[in-house]
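**Student:** Below is the structure I would like to discuss, written out as structure tokens.
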Amino acid sequence: MTELPSNYDSWEHLQSTYMLEYNRRVDKFFSDVLGNGDLSSVRSSLKLACRLVDGDNQATWNLKTSLFFDVIGYSRKNLSIFYGSNSDIVLPVSNHPQLHLYFSQDSQAIPVNAKQIDHEKTCRLTRYASKSGESLPAITKANLLEIAREIKSFFMEGQKGITYTCGKVLVSYTDPINGFPKGNYWLVNSKSEAITLYGKLCNAIDRPFDANKINVGTPEKDSTVQGSSGTETILGASYKKRAYRPVANLRFRYAYVSFGGIASPIFLVDNTNRRTALVT
């Protein structure tokens, strides 16, 4: 083992190594921004704010790394979205990959003391198998990239995701052969909006849309207002009642494909900038 030089400074070595590795990740995350960033756009400004430079003091280091890892969310990059427990995973229907589209309220639209409303829509990519060796061709990165571009085309306008109004109307669409098994539904404020959304989704995965397979359920009970649904007491503590199918505008945030819990999900589009997606 080579001996360390007499003038070796462990703190300087740690600082330079950290700066090199950290900035390498910042540069990769902001690979669409030339140079070290500037003030000409939001992303170039963020890159400039995140990169460490010689002369930064400890407080500046802490703020820059917190901005990159916590606020922008690089520390959560490529972490899968998971609800439930590992033992609850249901094997994919006919071994097809599953497409997930996630929508949520804009933060400024959430009433005081209310929870954010979010919905996730899924369908199966029945043209492909999740893995090799099946009767159908295994899905490839090129296939995923094509779907990602289609999703961006149909579910984004400019730099933002499209919005729709959720509500009490439950509109289901059943077409198992083309990726919509029984039980697939969208909570909306009108039937026409659901038809538009299902049409966009079918177009994005290159499957035919048949309006005759739409079924509408409109309950007698009206939607309750998200911010004023009253309270109830549990074990002596007061909790806000859950609103019944409240009316709210939800915005498209991201889309990813899962493979039944076997492989990590692949993010296709992500408007939150928290994950590395195939299409930016």
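**Student:** May I ask you to derive the FRET efficiency for Asn203 and Ala59 from their Cβ-Cβ distance with R0 = 35 Å, giving the value to the nearest 0.05?
**Tutor:** Calculated transfer efficiency: 0.10.
**Student:** With the Cα gyration tensor of the stretch 10-76 giving a ≥ b ≥ c as the square roots of its eigenvalues, does the rule (a/c under 1.5 for rounded; else a/b larger than b/c for prolate; else oblate) give rounded, prolate or oblate?
**Tutor:** Prolate, because a/c is 1.5 or more and a/b exceeds b/c.
**Student:** Counting each pair of different Cα atoms once, what's the Kirkwood radius of the stretch 137-280 in Å, rounded to one decimal?
**Tutor:** Computed over the stretch 137-280, the radius equals 17.4 Å.
**Student:** For the chain, give me the percentage of DSSP beta bridges that are antiparallel, rounded to the nearest 5 percent.
**Tutor:** Here the share of antiparallel DSSP bridges comes out near 95 percent.
**Student:** Within the chain, what is the longest stretch that has no trypsin sites (Lys or Arg not before Pro) placed in a DSSP loop and near at most 10 other beta-carbon atoms within 10 Å?
**Tutor:** So the longest stretch without any such site is 1-181.
**Student:** While we're here: Compute a Gaussian network model of the chain, connecting alpha carbons closer than 10 Å, and tell me which residue from Asn249, Asn143, Asn62 fluctuates the most.
**Tutor:** Asn62
**Student:** Something else: Relative contact order (percent) for the stretch 86-270, with alpha-carbon contacts under 8 angstrom and 6 or more residues of separation? Intermediate results must be reported in sequence, preceding the final value.
**Tutor:** Numbers: 341 pairs, mean separation 54.2, N = 185.
Computed value for the stretch 86-270: 29 percent relative contact order.
**Student:** Express in whole angstrom the spacing between the alpha-carbon centres of the stretch 148-188 and the stretch 207-280.
**Tutor:** The distance from the Cα centre of the stretch 148-188 to that of the stretch 207-280 comes to 11 Å.
**Student:** Next question. For the chain, the longest stretch holding no GluC sites (Glu not before Pro) located in a DSSP loop with at most 15 other Cβ atoms within 10 Å is which?
**Tutor:** Longest gap between qualifying sites, sites excluded: 4-133.
**Student:** If you don't mind, there's one more thing I want to ask. Compute the helix-to-body angle for 10-29: its Cα long axis versus the longest principal axis of the chain, expressed 0 to 90° and rounded to tens.
**Tutor:** 40
**Student:** Ok, one more. What is the diffusion coefficient of the chain in µm²/s, taking the Kirkwood radius over Cα pairs and the Stokes-Einstein relation at 10 °C with a viscosity of 1.306 mPa s? Mind showing how you got there, number by number?
**Tutor:** On the way: Rh = 22.0 Å.
Answer from the Stokes-Einstein relation: 72 µm²/s.
All of the numbers you see were taken from the coordinates with simple rules; none came from a lab. Since the model is a prediction, treat every value here as computed from it, not as a measurement. With ideal geometry, Cβ positions are generated from the backbone for all residues, glycine too; neighbour counts draw on all protein chains shown.
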